[in-house]
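Here's the structure, in structure tokens; my notes come after.
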Amino acid sequence: MKERSCAAARLRSAFELGDYAAVLTEARRAPPDAADARTQAILGISLLRTGQFAAAQEPLEVATALGDPEATVEYGNLLRATGQLHGAARHFQDVLPGLTGELRLRALRWYGVTRQQLGEDDALALIEQARRGYLASGDRRMSARIAHTLAHVHSARGAFGLALKLLEGALPVLEQDGNGRPLLSALYTLLDVQVECGQYDLASETLLRAQPLATQFGDAFVLQLRARQANLMLMTGDYLGYRELLDRLIGDAEALGEGQILDFALSALADHQSRTGEHVQAVRTLGRLKTHGRALSLHSRIVMAMMALRRGDAAGALRQHLEVRQDALRRHLAPEATRALLLAAYSAYGMNDLPRCAELLSEALLELAGHPRPQSWATIGPELREIEEMLAYARLHPHLAPLLQAALEDASYLGGNLRDDLFTTGMRLEIMTLGQELALRDGVPCAMRARGSVAVLCYLALHPRSTRQEVIAALWPGRDPKRAANYFRQCVADIRENVGADVVLVEGAHQAPEYRLSSKASVTLDSQRALQLVASGHLHAAVAAYKGEFLPGLEESEWADEQRLRLRGTLASALRAELRAAQLAGELRRVVLLAGAVLNVDPDDFETEDLRLAVAREVCGPAEIARFEAERHRRLN
């Protein structure tokens, strides 16, 4: 009996110090008496706070049934943490009237968080009531923890400025707290806000800062950090690392029973598979959430809608996106609501319902215009490559163009200065020649050393079975033949080293070998895609595809000049036809926009320059007219 009493005393002492690991070690040595409510409560709360939710359930249920008031509060918190939100809300409603002091404030806090997760309006008021109660009692430590809770709620609602302000006040206090778990949670929220606001360098620093704490507190906390790391990889374009990390996250989340992490990882993997055309596998991956008995989150539902759109069900995608939009608005989750609306507009664009697309897109751009620019880009970043064609359509739409510029500040980013999404699987070679010189194998940029390597790849893609002399004559006609031959060999070696040894093949006679690209590679050229889009009547998509001059680093090449003239001429001719149609229809604002698009392709078209300025003087404001006059002056001089 005396030994059992000492063990219980050691448990309580460790618990009061916040040493939950010591509590669990002591419990393993001498399992607590099932009839001892306080010991069961201490064990259950320690398991809860170390992320061992499944193990925490039984001792908390026992202690609650035996009347321990702290266990009663923390049992509601366990229900919330495991996604049983309606059960948690009912539990807090039942127990709050009987609580007083600190436990009442703690219950108000977790009840407010539960109400926030349910999308209820009174969530902030409940959490703020708890914070003021702790302030009134002089407990700065707990008021700082609840300031972080408020920051988390504001972040979920898209009020990132308020969230950062609260975190700035809370973090210094939490850093002095002997318990590092609240500090780690606050760092997680800070990292989320930084990613949402496009502050990726700061987010990387916060990730490193949180890593030792997460490792200290065990697998569940490490898993939460790795999920945030995966999201950062997605936003910064590290797609190889992202894909590998998702696989590990899924396995570990299943093993640990971490439902929220599993939801994120399976949804992200399904989205990735859908992007790369693996539609059956994507459906199976998302279906795994159902086998775990989880309702789909807003994020998962957006992924499901995009999967439908990529399979060709644009009408179904539109309906699903609008349903997600309404649900997000009801829950006051502004970022998700805006993203769903933007993707609903893209679904309408996929149906060729341009009036509906314009209606939805104008509302989405108005919402984006209220955000700081990095946050706007973070909102559209994951789908940028897919919606780029729709945004190019908006650039040429008189009513949407000003909204687009207001939302994203500089619409020239849509011309391709942003890095493209590189999701891809399988053996695929993408040769990017418009406004850049870049090769991607299986979606990964190849680090070329020789400046002419991309030009060689491009030429061989367009002219297979070319001799070395033919390539040299086309690309570097003015160079000394020996130096040009050496340089060609450097480029081929560079391609084989950095793209793949199996990409460039040599065939034919030894004295006059012919070079071609391997038939195993599926080769795409952005320049040819732009021409194909014009030919098929998809002018908006062609404008989006034309990101600048063909092979801008290649000089004194008649072959390259011919390609440039062909591309510029084809696209400019199609735009001029649209321009004439707009003139005949009296759509003067559209005339100005189309004239600008022509000049982006053909800056030396002074006739179109004069037309734009003349029409602008009729329909544009002084600032735009001044800008057009300045551009004309620069071109003439």
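The values are calculated or read from the model by the stated rules, or taken from the named source; none is laboratory data. Remember, predicted model here, so these are calculated numbers, not experimental data. Positions of Cβ are backbone-derived with ideal geometry, glycine not excepted, and every protein chain shown enters the neighbour counts. Ligands, DNA and RNA are stripped out before the accessible areas are found, and what is left, the full protein with its side chains, is counted by its heavy atoms. Shrake-Rupley method; radii C 1.70, N 1.55, O 1.52, S 1.80 Å.
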Quiz item: Looking at the stretch 328-359, which of its residues are buried (at least 24 other Cβ atoms within 10 Å of the Cβ) and closer than 14 Å to residue 399 by Cβ?
Solution: 345, 357
Quiz item: Can you tell me how many residues in the stretch 135-150 are crowded, with 23+ Cβ neighbours inside 10 Å and out of contact with any Lys or Arg (no Cβ under 8 Å at 6 or more places or on another chain)?
Solution: 3
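In the stretch 615-624, what residues are open to solvent by less than 50 Å² (accessible area, probe 1.4 Å) and under 14 Å from residue 591 (Cβ atoms)? Outline the logic, then answer.
The initial filter retains those residues of the stretch 615-624 that are open to solvent by less than 50 Å² (accessible area, probe 1.4 Å), namely 615-616, 620-621.
Those that are open to solvent by less than 50 Å² (accessible area, probe 1.4 Å) and under 14 Å from residue 591 (Cβ atoms): 615, 616, 620.
Within 31 Å of the chain's Cα centre (by Cα) and either under 22 Å from residue 434 (Cβ atoms) or at pLDDT below 90 (or both): does that describe residue 572? Talk me through it step by step, then tell me what you get.
Values: within 31 Å of the chain's Cα centre (by Cα): no; either under 22 Å from residue 434 (Cβ atoms) or at pLDDT below 90 (or both): yes.
No: the conditions fail for residue 572.
Test residue 327 against the stated conditions and say whether it is at pLDDT 85 or above and under 25 Å from residue 152 (Cα atoms).
Numbers: at pLDDT 85 or above: yes; under 25 Å from residue 152 (Cα atoms): yes.
For residue 327, the condition - at pLDDT 85 or above and under 25 Å from residue 152 (Cα atoms) - is met.
Determine whether the stretch 287-296 contains at least one residue that is within 30 Å of residue 197 (Cα to Cα), of a type outside the set (Lys, Arg) and either modelled with pLDDT of 85 or more or touching a strand residue (DSSP E or B) at 6+ places or on another chain (Cβ under 8 Å) (or both).
At the first step, the residues of the stretch 287-296 found to be within 30 Å of residue 197 (Cα to Cα) are 289, 294-296.
Filter once more, keeping what is of a type outside the set (Lys, Arg): 289, 295-296.
Now narrow it down to the ones that are either modelled with pLDDT of 85 or more or touching a strand residue (DSSP E or B) at 6+ places or on another chain (Cβ under 8 Å) (or both): none.
Checking the stretch 287-296: not a single residue is within 30 Å of residue 197 (Cα to Cα), of a type outside the set (Lys, Arg) and either modelled with pLDDT of 85 or more or touching a strand residue (DSSP E or B) at 6+ places or on another chain (Cβ under 8 Å) (or both).
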Self-check item: Matching residues in the stretch 582-621 - criterion: being among the β-branched types (Val, Ile, Thr) and within 19 Å of residue 402 (Cβ to Cβ)
Solution: 591, 592, 615, 619
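For residue 178, are the conditions met, namely being assigned to a loop (DSSP other than H, G, I, E, B) and within 17 Å of the chain's Cα centre (by Cα)? Please lay out each step first, then the result.
On the way: assigned to a loop (DSSP other than H, G, I, E, B): yes; within 17 Å of the chain's Cα centre (by Cα): no.
No; evaluated as a whole, the condition is false for this residue.
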Exercise. Quickly run through the stretch 408-448 and pick out the residues that are at pLDDT 80 or above and open to solvent by less than 40 Å² (accessible area, probe 1.4 Å).
Key: 429, 430, 431, 432, 433, 434, 439, 440, 446
Exercise. Output yes when any residue across the stretch 475-492 is out of contact with any Asp or Glu (no Cβ under 9 Å at 6 or more places or on another chain), in contact (Cβ under 8 Å) with a residue 12 or more places away in the chain and either of a type in the set (Phe, Trp, Tyr) or not in a helix (DSSP H, G or I) (or both), and no when none is.
Key: yes
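Among the basic types (Lys, Arg), free of Cβ contacts under 8 Å to residues at least 60 places away in the same chain and either open to solvent by 60 Å² or more (accessible area, probe 1.4 Å) or in contact with a strand residue (DSSP E or B) (Cβ under 7 Å, 6 or more places away or on another chain) (or both): is that true of residue 451 in this structure? Working first, answer last.
Values: among the basic types (Lys, Arg): yes; free of Cβ contacts under 8 Å to residues at least 60 places away in the same chain: no; either open to solvent by 60 Å² or more (accessible area, probe 1.4 Å) or in contact with a strand residue (DSSP E or B) (Cβ under 7 Å, 6 or more places away or on another chain) (or both): yes.
Spelling it out, it is not the case that residue 451 is among the basic types (Lys, Arg), free of Cβ contacts under 8 Å to residues at least 60 places away in the same chain and either open to solvent by 60 Å² or more (accessible area, probe 1.4 Å) or in contact with a strand residue (DSSP E or B) (Cβ under 7 Å, 6 or more places away or on another chain) (or both).
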Quiz item: Does any residue of the stretch 511-525 turn out to be within 16 Å of residue 601 (Cα to Cα) and open to solvent by less than 50 Å² (accessible area, probe 1.4 Å)?
Solution: no
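Listed residues 573, 557; which is open to solvent by 60 Å² or more (accessible area, probe 1.4 Å) and hydroxyl-bearing (Ser, Thr, Tyr)?
Values: 557 fails: open to solvent by 60 Å² or more (accessible area, probe 1.4 Å).
Testing whether each residue is open to solvent by 60 Å² or more (accessible area, probe 1.4 Å) and hydroxyl-bearing (Ser, Thr, Tyr) leaves just 573.
Go through the stretch 141-155 and give me each residue that's of a type in the set (A, V, I, L, M) and closer than 15 Å to residue 194 by Cβ. Reasoning before the result, please.
Initial filter on the stretch 141-155 (of a type in the set (A, V, I, L, M)): 142, 144, 146-147, 150-151, 153.
151 - this is the single residue of the stretch 141-155 that is of a type in the set (A, V, I, L, M) and closer than 15 Å to residue 194 by Cβ.
Quick one: which helices (runs of 4 or more DSSP H) lie wholly within the stretch 219-284 and hold at least 3 residues that are more than 20 Å from residue 194 (Cα to Cα), open to solvent by 40 Å² or more (accessible area, probe 1.4 Å) and without any contact (Cβ under 8 Å) to a residue 24 or more places away in the chain? Don't jump to the end; show me each part of the working.
On the way: elements: 219-236, 239-256, 259-275.
In the stretch 219-284, the matching helices (runs of 4 or more DSSP H) lie at 239-256.
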Quiz item: Only one of these conditions is not met by residue 597: (1) exposed (fewer than 13 other Cβ atoms within 10 Å of the Cβ); (2) of a type in the set (Gly, Ala, Ser); (3) in contact with a helix residue (DSSP H, G or I) (Cβ under 9 Å, 6 or more places away or on another chain). Which number is it?
Solution: (1)
Quiz item: Out of (1) open to solvent by 60 Å² or more (accessible area, probe 1.4 Å); (2) within 27 Å of residue 572 (Cβ to Cβ); (3) more than 31 Å from the chain's Cα centre (by Cα), the odd one out for residue 475 is which?
Solution: (1)
